[in-house]
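Worksheet: one structure, shown below.
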Amino acid sequence: GAGVSQSPRYKVAKRGQDVALRCDPISGHVSLFWYQQALGQGPEFLTYFQNEAQLDKSGLPSDRFFAERPEGSVSTLKIQRTQQEDSAVYLCASSLDAGTGRDTIYFGEGSWLTVV
Amino acid sequence: AQSVTQLGSHVSVSEGALVLLRCNYSSSVPPYLFWYVQYPNQGLQLLLKYTTGATLVKGINGFEAEFKKSETSFHLTKPSAHMSDAAEYFCAVSERGFQKLVFGTGTRLLVSP
């Protein structure tokens with residue numbers, strides 16, 4: 001597609017509910033990232049994929065957070081038993097190949113999660 | 001560990017005035033540096049980036065930034081502000097060879113007529 005596409009754009013979840021956030025990266029992009037942006041803060045790294053391999057998940061805040069990219073394209077971020085502190089914008093980003101460090105990273109518009 | 005400090009959570013300028021948004025970084029290795037802009041309810045858009053070479057980097061919409069290693073700074077400037085520049089601006093740093101970005105807390109630019 002023309003850009004990084006995320007769905008849903010807005011999600012309201014009751015505390016304890018499981019949610020799944022989807023990311024469609026730019027076609028042909030090898031690298032995919034998830035970031036979490038709390039209100040009034042900068043984005044914080046969650047996890048990184050190179051094709052289907054999850055190479056870094058050091059930013060996932062707890063074992064309730066899980067990400068996958070089984071076929072090396074679409075990715076899903078899953079949050080189990082949501083809590084109020086999970087309320088944030090979840091940004092997906094992709095690039096041709098993050099290994100060089102030079103490629104431009106393109107961000108999606110984000111999925112806004114509110115836990116009530 | 002890498003980090004970014006953006007001085008001033010809000011910066012106000014008049015239309016036509018100079019824009020200066022400050023960014024200082026900390027990195028144990030030569031960094032890659034980025035400025036992103038975020039408009040309301042939208043994702044992040046890359047303004048410019050420094051990887052190697054010329055330390056003065058020109059970006060989109062008339063913005064530029066200068067990498068100053070001695071000052072560990074990467075301040076963003078624009079000679080003349082436009083109303084459409086009003087947005088949130090984020091400075092970010094990454095280690096060379098890997099694009100895990102570490103962002104600052106952002107600076108909201110307000111432009112008055």
Here are the criteria: (1) more than 16 Å from B:Arg22 (Cβ to Cβ); (2) facing another protein chain (nearest Cβ under 10 Å). Tell me which single one B:Ile60 does not satisfy. (2)
State the number of residues belonging to region B:77-91 that are more than 17 Å from B:Tyr39 (Cα to Cα) and under 9 Å from the mean Cα position of the chain (by Cα). 1
Just give me the residues in region A:88-116 being open to solvent by less than 30 Å² (accessible area, probe 1.4 Å) and within 10 Å of another protein chain (Cβ to nearest Cβ), in sequence order. A:Val89, A:Leu91, A:Cys92, A:Ala93, A:Ser95, A:Ala98, A:Gly101, A:Ile105, A:Phe107, A:Gly108, A:Gly110
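Conditions tested, residue by residue: (1) of a type in the set (Lys, Arg); (2) at pLDDT 95 or above.
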site	(1), (2)
A:Lys57	yes, no
A:Arg64	yes, yes
A:Ile79	no, yes
A:Gln83	no, yes
A:Gly101	no, no
A:Ile105	no, no
A:Val115	no, yes
Of all the residues that make up region A:58-87, how many are touching a Phe, Trp or Tyr at 6+ places or on another chain (Cβ under 8 Å) and open to solvent by less than 10 Å² (accessible area, probe 1.4 Å)? 5
Somewhere in region A:31-48, is a residue more than 14 Å from chain B (Cβ to nearest Cβ), open to solvent by 20 Å² or more (accessible area, probe 1.4 Å) and over 11 Å from the mean Cα position of the chain (by Cα)? no
Name the residue that is farthest from B:Gln45 (Cα to Cα), counting only residues in region B:63-98 that are within 10 Å of chain A (Cβ to nearest Cβ) and free of Cβ contacts under 8 Å to residues at least 24 places away in the same chain. B:Gly97
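The values are calculated or read from the model by the stated rules, or taken from the named source; none is laboratory data. All figures in this text were calculated on a predicted structure; none of them were measured in a lab. Neighbour counts run over all protein chains shown; Cβ positions are idealised from the backbone, glycine included. Each accessible area value is taken on the protein alone, full model and side chains, heavy atoms only, with ligands, DNA and RNA left out. Shrake-Rupley method; radii C 1.70, N 1.55, O 1.52, S 1.80 Å.
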